[in-house]
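I'd like to ask you about the structure that follows.
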Amino acid sequence: MRVSELLIPTLREVPAEAEVASHRLLLRAGFIRKVAAGIYTYLPLAQRVLMKIKAIVREEMNRIGGQEILLPIIQPAELWHQSGRWNVYGPELFRLQDRHKRDFCLGPTHEEIVTALVAAEVRSYKQLPLLLYQIQNKYRDERRPRFGLLRGREFVMKDLYSFDRDEEGLDRSYQKMFEAYTRVFSRMGLRFRAVEADTGAIGGSVSHEFMVLADSGEAVIVYCPDEACGYAANVEKAESMFVPETGGEEAPLEMVATPGMRTVEEVIGFLGVPAKRLVKTLLYRTERGLVAALVRGDREVNEVKLQNHLDVLTLELADEAAIEAATGAPVGFSGPVGLKVPLVVDREVAALKAAVTGANKADAHFVNVCPGRDFPVTGTADIRLVAAGDPCARCGKPLAEVRGIEVGQVFKLGEKYSRVMEAFYLDEQGIQRPMVMGTCGIGITRAMAAAVEQHHDADGIIWPVSIAPFHAVVLPVNVQDAEQAAAAGRVQQALAAAGVEAVLDDRAERPGVKFKDADLVGYPVRVTAGRHVAEGMVEVHNRRTRESALVPEEEAVTAVKKFLEA
RNA sequence: CGGGAUGUGGCGCAGCUUGGUUCAGCGCGCGUGCCUUGGGAGCACGAGGCCGGGGGUUCAAGUCCCCCCAUCCCGACCA
């Protein structure tokens, strides 16, 4: 193929809207164009990359016995009512009506529709296990689309659904999915880590996320540096070892004046006590009313854990007015003593014997607060956010922290969907049982962007060979020079014949322009036909290592392959 | 959804404070010609903009006011 004939609209200047590397480079290198917030057109180069990623994914899904299907994007509301998610999914669900005012949505995920399919078509244990998958667009009306392809409202996803007879079957399917994902991301040339994860809106019990390690990632991962331990989790899910501290001896409750001392820092400085003896009382608004979350002063609340603990759909910090109404005091002086709001007490708080809390009164705090004695503790929870340095929940060694981009997630769903969607089968005894489900998804378009995040430099993208839009570009320095043009053409033909995907940059541009574009687009290998063509030589260049080799034209294919395999 | 900011040829921006003859302009890109050909050359000519949309104020509005829309960035969700 010839660059002169391809639609590769590279930009010299950086579009103002792009912040992160993948967004910037994919726009500049002519891979994508924005149509609306979080909605993109994929140009030929991007489409080629996506096709490669999909091919890898298909191979690995087929390898574990997955059968590819194609489910509709537009889904009737009834199915979502049946699963109960029509309301649960909230404003992120793109909703629409047909001419008869019937409700539909654009699929953000396909549990409902695939489970309904299997419920209707599968009856016997003999047909299980069943692994169905598709590669298709997904729609989520994100609160805030951003970072280009990393968080779009329309994106391409591979989603697979597993149906098993029982938990043991699900365990096997889960293991298959997990291993397939490990192979997919390895083959894509990504540095990644599988971490324990919260199950979020999909629901279910066990879950792992596959994180591409990148500083631009939105997700925070904590992990145990001890390889033998290997604990790693999304911070939303992460737990640390519970080390109870009493914070001193039990003593009579006492109110002290703390004029103007609202923040943890102010109070500990004023009273001369460590932050870990303080209790933060945070009021949250939920659909069931206000709740108060209690964590130690040196901790942060993990809102995902809190939401799971409370089993509520909405959770957000209460505003000042609500806090004052509930506590009778301005913000900064809330405390659990005498508070007429349900309390969620972190286990570290429950362990304290003499804590400092707000007194629900302006400019006052309580000291020597004893949980259980001074306020009710009905069951405790782990609602704190784990941070780097906390002891590993498994081995006690200090945890480390790193950022990542979530490109895939595996779930054990259990019977959550099969029961409500009535996906039952008959076992050998003729007893009707719900199927046990699992699911996993890969963000195809996000994975492309994640690859760019991980593989680029100041000059442009550096595609891993396995997903590069083309393996090589052949670049005649001067297309007016008949010898150079001819040599470039021959090399490109030879490469194509040898199964190397090569483009010929035959544009009548000056060499600098073509070199810059080659670096920007990120072809793994470049072959330059320049002044050395007179001696029968061409230059072969490795984009990633910047290595160059001057080789006889006949050996160009071998040299290119060597770089591609390196 | 809160907070902040920005919308001016394809891209990047200036002009707005102090309305009006430098008000529609610059750089890049694009077209034609010449020239050049190992890291985004040079010269010449040229095409391209209802200044995000609507409403006001005014003799006069990119410029001032109001409303809307879009986009981006920071916080709560997810592949």
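Take the residues in the stretch A:528-545 that are charged (D, E, K, R) and touching a residue at least 12 places away in the same chain (Cβ under 8 Å), then tell me which one is surrounded by the fewest Cβ atoms within 10 Å (Cβ to Cβ).
Here the answer is A:R531.
Moving on. Return the total of residues in the stretch A:137-148 being more than 7 Å from RNA strand B (Cβ to nearest atom) and open to solvent by 20 Å² or more (accessible area, probe 1.4 Å).
Selection size over the stretch A:137-148: 3.
Quickly run through the stretch A:512-563 and pick out the residues that are under 26 Å from A:L25 (Cβ atoms) and β-branched (V, I, T).
A:V513, A:V521, A:V525, A:V527, A:T528, A:V540, A:T545, A:V560
Which of (1) within 36 Å of the chain's Cα centre (by Cα); (2) of a type outside the set (D, E, K, R); (3) open to solvent by 10 Å² or more (accessible area, probe 1.4 Å) does A:Q429 not meet, given it meets every other one?
Result: A:Q429 fails condition (1) only.
Here's another thing I want to ask about it. Do any strands (runs of 3 or more DSSP E) entirely within the stretch A:1-84 hold 3 or more residues that are without any contact (Cβ under 8 Å) to a residue 60 or more places away in the chain and of a type in the set (D, E), and if so, which?
none
Show the residue pairs meeting these rules: Cβ distance below 6 Å; 6+ apart or different chains; first residue within the stretch A:367-393 and farther than 16 Å from A:E250 by Cα; second residue modelled with pLDDT under 95 and among the basic types (K, R).
A:T380/A:R347; A:D382/A:R347; A:I383/A:K305; A:R384/A:R299
For A:G200, work out the one condition from (1) within 25 Å of A:T439 (Cβ to Cβ); (2) small (G, A, S); (3) modelled with pLDDT of 90 or more it doesn't fulfil.
Failing condition for A:G200: (3).
Is it true that some residue in the stretch A:549-558 is surrounded by fewer than 22 Cβ atoms within 10 Å (Cβ to Cβ), within 13 Å of RNA strand B (Cβ to nearest atom) and under 40 Å from the mean Cα position of the chain (by Cα)?
Yes, the stretch A:549-558 has at least one match.
Which residues, taken from the stretch A:1-27, are open to solvent by 60 Å² or more (accessible area, probe 1.4 Å) and either within 20 Å of the chain's Cα centre (by Cα) or more than 7 Å from RNA strand B (Cβ to nearest atom) (or both)?
Within the stretch A:1-27, A:M1, A:R2, A:S4, A:E5, A:L7, A:E19, A:R24 meet the criteria.
Can I ask one more? Report, ordered by the first and then the second residue, all pairs with beta carbons closer than 7 Å, sequence separation of six or more or different chains, a first member in the stretch A:434-457 that is open to solvent by 10 Å² or more (accessible area, probe 1.4 Å), and a second member that is more than 9 Å from RNA strand B (Cβ to nearest atom) and among the acidic types (D, E).
A:P434/A:E415
Anything in the stretch A:497-527 that is more than 21 Å from A:I32 (Cβ to Cβ), open to solvent by less than 10 Å² (accessible area, probe 1.4 Å) and either near RNA strand B (Cβ under 9 Å from one of its atoms) or without any contact (Cβ under 8 Å) to a residue 24 or more places away in the chain (or both)? List them, or say none.
A:K514, the sole residue that qualifies.
Oh, and also: Is it the case, given these coordinates, that A:V407 is part of a strand (DSSP E or B) and away from RNA strand B (no atom under 11 Å from the Cβ)?
For A:V407, the condition - part of a strand (DSSP E or B) and away from RNA strand B (no atom under 11 Å from the Cβ) - is not met.
Quickly run through the stretch A:516-566 and pick out the residues that are within 16 Å of A:S466 (Cα to Cα) and of a type in the set (G, A, S).
Hits for the stretch A:516-566 are A:G522, A:A566.
Condition (residue is open to solvent by 20 Å² or more (accessible area, probe 1.4 Å) and closer than 22 Å to A:G230 by Cβ) applied to the stretch A:369-383: is it met by at least one residue?
Yes, some residue in the stretch A:369-383 is open to solvent by 20 Å² or more (accessible area, probe 1.4 Å) and closer than 22 Å to A:G230 by Cβ.
Any chance the stretch A:103-124 includes a residue that's open to solvent by less than 60 Å² (accessible area, probe 1.4 Å), among the hydroxyl-bearing types (S, T, Y) and outside any strand (DSSP E or B)?
Yes, because at least one residue in the stretch A:103-124 is open to solvent by less than 60 Å² (accessible area, probe 1.4 Å), among the hydroxyl-bearing types (S, T, Y) and outside any strand (DSSP E or B).
If I ask for residues that are over 38 Å from the mean Cα position of the chain (by Cα), under 19 Å from A:V557 (Cα atoms) and in a helix (DSSP H, G or I), which ones from the stretch A:458-485 would you list?
Passing the criteria: A:E483, A:Q484, A:A485.
The values are calculated or read from the model by the stated rules, or taken from the named source; none is laboratory data. Keep in mind that this is a model prediction, so the values were computed, not measured. Here the Cβ is made from the backbone with ideal geometry for all residues, glycine too, and neighbour counts use every protein chain on show. Protein only, heavy atoms only, side chains kept; ligands, DNA and RNA dropped before computing areas. Shrake-Rupley method; radii C 1.70, N 1.55, O 1.52, S 1.80 Å.
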